[in-house]
Amino acid sequence: MRYFIILVTLTFSFILDSCGVYNFTGASPINAKTFQVNYFQNNAPLVEPGIERTFTLELQDIIQSQTNLNLVTQGGELVYEGEIVDYRITPMTATADQRAAQNRLTITVMVRFTNRNKEDDNFEKRFSFFYDFDANQQLVGSQLTTALDVIFERITQDIFNESLAKW
């Protein structure tokens with residue numbers, strides 16, 4: 001009986017200890033309390049008005065929703081900055097009469113991440129994703145909104161994983 005109590009106590013203490021390290025977002029424990037997302041300029045050769053604001057807000061939202069860091073406008077311990085460097089629509093598949101059947105919107109963002117507490121984590125990297133759509137449709141209105149939602153969700157998640165989750 002005595003060995004059973006010792007075994008249960010040890011097992012319980014290991015379980016409690018491991019719960020302190022794990023979290024559900026996948027973010028590693030960070031030695032920071034604040035983050036800052038500077039405005040991402042749109043420097044793409046083809047400019048779609050307003051996407052730089054949308055992207056900046058999406059990046060702020062994902063970090064706020066998946067961490068307990070506080071958003072600040074200056075002096076953040078973690079700083080995200082960069083620019084949208086490419087916004088491109090290219091034909092992907094063709095019909096028998098050599099017309100485009102499907103187009104692809106690709107957006108590329110250059111991100112500079114600075115961790116003022118741990119300089120080894122700093123990086124400058126391009127993140128890119130795409131959205132395919134029917135060539136007969138114009139990429140405006142709700143179609144454009146859907147495309148931007150899909151692309152920005154993926155790019156911001158990739159940025160989060162690279163900077164905080166370390167995946």
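The values are calculated or read from the model by the stated rules, or taken from the named source; none is laboratory data. In this text the structure is predicted, and so the values were computed from the model without any measurement. Heads up, the Cβs are rebuilt from the backbone with ideal geometry, glycines too, and the neighbour counts pull from every protein chain shown. When the accessible area is computed, the model is the full protein with side chains, heavy atoms only, and any ligands, DNA or RNA have been set aside. Shrake-Rupley method; radii C 1.70, N 1.55, O 1.52, S 1.80 Å.
Consider the stretch 101-117. How many of its residues are more than 14 Å from V37 (Cα to Cα), out of contact with any helix residue (DSSP H, G or I) (no Cβ under 9 Å at 6 or more places or on another chain) and part of a strand (DSSP E or B)?
Adding up the residues that qualify gives 4.
Quick one: count up the residues across the stretch 34-65 that are within 14 Å of V79 (Cβ to Cβ) and either of a type in the set (A, V, I, L, M, F, W, C) or modelled with pLDDT under 95 (or both).
Total satisfying the criteria: 5.
Hey, can you tell me all the residues within the stretch 67-86 that are open to solvent by 10 Å² or more (accessible area, probe 1.4 Å), closer than 21 Å to S128 by Cβ and not hydrophobic (A, V, I, L, M, F, W, C)?
Those that are open to solvent by 10 Å² or more (accessible area, probe 1.4 Å), closer than 21 Å to S128 by Cβ and not hydrophobic (A, V, I, L, M, F, W, C): E81, E83, D86.
Being open to solvent by 60 Å² or more (accessible area, probe 1.4 Å), touching a Lys or Arg at 6+ places or on another chain (Cβ under 7 Å) and assigned to a strand (DSSP E or B) is the requirement here; does M92 meet it?
Answer is yes for this residue.
Quick check, is G20 in contact with a helix residue (DSSP H, G or I) (Cβ under 6 Å, 6 or more places away or on another chain) and either modelled with pLDDT under 95 or among the basic types (K, R) (or both)?
No; evaluated as a whole, the condition is false for this residue.
Kindly establish whether I5 is among the aliphatic types (A, V, I, L, M), at pLDDT below 95, over 30 Å from K125 (Cα atoms) and open to solvent by 40 Å² or more (accessible area, probe 1.4 Å).
yes
Checking E52 against (1) open to solvent by 50 Å² or more (accessible area, probe 1.4 Å); (2) outside any strand (DSSP E or B); (3) touching a residue at least 12 places away in the same chain (Cβ under 8 Å), which single condition isn't satisfied?
(1)
Which residue pairs have Cβ atoms closer than 6 Å, lie 6 or more positions apart in sequence or on different chains, and pair a first residue in the stretch 109-137 that is under 24 Å from V150 (Cβ atoms) and modelled with pLDDT of 95 or more with a second residue that is outside any strand (DSSP E or B) and of a type in the set (V, I, T)?
Final answer for the pair search is V109/I155; V111/I159; F127/I155; F127/I159; F129/I151; F129/I155; Y131/V150; Y131/I151.
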